[in-house]
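Heads up: the structure comes next, in structure tokens.
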Amino acid sequence: MATETSKRGIWNSRIGFVFAAAGSAVGLGNIWRFPYVTGESGGGAFVIIYLICVALICVPYLFAELSLGRHHQRNPVGAIKAITGPSGWLLVGGLCVVAGMMILSYYSVVAGWAIGYVAKDVIAPHTSFEEFIASPGMVITLLALFLGLTLYVVIGGVQQGIERWAKVLMPMLVVLMFVVIIRSVTLEGAAEGISFYLYPDFSEVGFQTIMVALGQAFFSLSLGMGTMITYGSYLPKRENILNSGGYVAVFDTSIAILAGFMIFPAIFALGFDPAHGPALVFVILPEVFAEMPLGGLVGVLFFLLLSIGALTSSISLLEVVVAYFIDEKKWSRKKSVLTIGILAFILAIPSALSQGATGFLSDMSYLFGEEGLFGQNDFLSILDFFFGSLFLAVGAFFISIFVGWVWGAHYAAEEIQQGSSFGGTLMKVWIFMLRYICPAFIFIVIMGMLFDII
Ligand code: TRP
């Protein structure tokens, strides 16, 4: 086993990798962000555009990250350095590490709310969502709890920690989701929600819809900041990248779609508005649960499921940063995890206080104007826009150019061929997508986002 000969970890089995990578992908992005973004962007038509982004851009790009990671068995910075030596491209790797850190910070805040909602009836009964997220003591304690859990798993390392936990947590998540879906679609009036969700009305679709869909697809599949480079670096050479990556993409997308089936039928059955923004899951669902038989239990299960999904994702965000310090700075795993964990906690505090606790963080219109960025003006949403959408697209743009042109798509294709039968037309199509379609499409979207800010 490679762990005996080197300090780096390696996945124990392919299924271990698939669980861990799917665990990274499936999280708040699928269950919290996807439904509210879909609700705001008009339902069915958004879902179709999202699916096109996944199939056309994200899946080809996913294979680029996986092959780059496995080839040199390094973190994003190390993998790039192994190819170019010291060069400006290292900045792209550096951007990945910084983005990982920043996403981890605000992600842990939202995950903390989810943990809090598991036990809400006990710790804060009769408190509204707005009051709940504006109480500094509460959100910071929950944030610390969630980050603590993340550190605990990541200290365990690749096999003992991440893989073992993902194998238990992922199947639990799926089972719990089906329980909630069955409840939701059998409510009276659920059909209207299903048709909002499935019937595509393209009349409201604009360029912004495409931008939001692509950003959401990157975020949901954990792409654009080297998570899949890092996870790919623990894949043994004999494993089939095509199959494994394919499972992860299909699994992640299915969970997002299923999350919609949990939420939209219930919202319509109970007469709520689907365009409720980031608060959707937290404000609407408890009311939904309250009005259904066994609602208390379903609510606890739902937020438990959301917390589990968030944990297997935050693990992967932390792991990118940790792998950088282990490989490049020769720190021990424990030292890396603890140092970065403390830093992430400090960085997360402004996000935690930006939901009503502190005025100047909750409404930053003095910087971003009354409109804010895409309608949001709090510190957490601003970070999410920059690091969870814009920088992911920028990272993906540069990484696809790097793999397609600098390292060379043919080398990447050779790496994929080890362990999988990859050749002929399929390979040619992939190379074309990676070199031309991905960078061009992503570039247009980035320009659109920048123009939208200015
Ligand atoms: N994909 C995760 C989710 O849907 C979040 C996440 C984990 C992520 N690692 C990432 C997002 C890397 C962007 C980049 O919740």
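Hey, does the range 358-381 have a residue that's within 16 Å of the ligand (Cβ to nearest atom), in a helix (DSSP H, G or I) and within 25 Å of Ser128 (Cα to Cα)?
Yes, that holds for at least one residue.
Quickly run through the range 148-186 and pick out the residues that are in contact with a Phe, Trp or Tyr (Cβ under 6 Å, 6 or more places away or on another chain) and among the hydrophobic types (A, V, I, L, M, F, W, C).
The answer is Val153, Val158, Ala166, Met170, Val180, Ile181.
Restricting to the range 416-451, name every residue that is farther than 20 Å from Cys53 by Cα, in contact (Cβ under 8 Å) with a residue 60 or more places away in the chain and open to solvent by 10 Å² or more (accessible area, probe 1.4 Å).
Gln418, Gly419, Ser420, Phe422
Identify the residue in the range 14-36 that is in contact with a Pro (Cβ under 9 Å, 6 or more places away or on another chain) and either part of a loop (DSSP other than H, G, I, E, B) or open to solvent by 10 Å² or more (accessible area, probe 1.4 Å) (or both) and, among all such residues, is farthest from the ligand (Cβ to nearest atom).
Only one residue fits best here, namely Arg14.
All but one of (1) open to solvent by 10 Å² or more (accessible area, probe 1.4 Å); (2) within 15 Å of the ligand (Cβ to nearest atom); (3) on the phi > 0 side of the Ramachandran plot hold for Gly226, so report the exception by its number.
(1)
Take the residues in the range 311-357 that are surrounded by 19 or more Cβ atoms within 10 Å (Cβ to Cβ) and among the hydroxyl-bearing types (Ser, Thr, Tyr); name whichever of them is farthest from the ligand (Cβ to nearest atom).
Ser354
Among the residues of the range 144-156, are any open to solvent by less than 40 Å² (accessible area, probe 1.4 Å), without any contact (Cβ under 8 Å) to a residue 24 or more places away in the chain and outside any helix (DSSP H, G or I)?
So far as the range 144-156 goes, yes, one or more of its residues are open to solvent by less than 40 Å² (accessible area, probe 1.4 Å), without any contact (Cβ under 8 Å) to a residue 24 or more places away in the chain and outside any helix (DSSP H, G or I).
Please enumerate the residues belonging to the range 281-299 that are among the small types (Gly, Ala, Ser) and open to solvent by 80 Å² or more (accessible area, probe 1.4 Å).
The one that is among the small types (Gly, Ala, Ser) and open to solvent by 80 Å² or more (accessible area, probe 1.4 Å): Ala290.
Scanning for something part of a helix (DSSP H, G or I), within 30 Å of Ser195 (Cβ to Cβ), in contact (Cβ under 8 Å) with a residue 60 or more places away in the chain and within 16 Å of the ligand (Cβ to nearest atom), does the range 291-303 turn up at least one residue?
Checked the range 291-303: at least one residue is part of a helix (DSSP H, G or I), within 30 Å of Ser195 (Cβ to Cβ), in contact (Cβ under 8 Å) with a residue 60 or more places away in the chain and within 16 Å of the ligand (Cβ to nearest atom).
Sort out which residues of the range 321-357 are in a helix (DSSP H, G or I) and not hydrophobic (A, V, I, L, M, F, W, C), and write them in order of number.
Scanning the range 321-357 gives Tyr324, Asp327, Glu328, Arg333, Lys334, Lys335, Ser336, Thr339, Gly341, Pro350, Ser351.
The values are calculated or read from the model by the stated rules, or taken from the named source; none is laboratory data. Just so it is clear, the structure is predicted and the values come from calculations on it, not from any experiment. Reconstructed Cβ throughout: ideal geometry from the backbone, glycine too, with neighbour counts over all protein chains shown. Accessible surface is based on the protein model in full, side chains and every heavy atom, while ligands, DNA and RNA are left aside. Shrake-Rupley method; radii C 1.70, N 1.55, O 1.52, S 1.80 Å.
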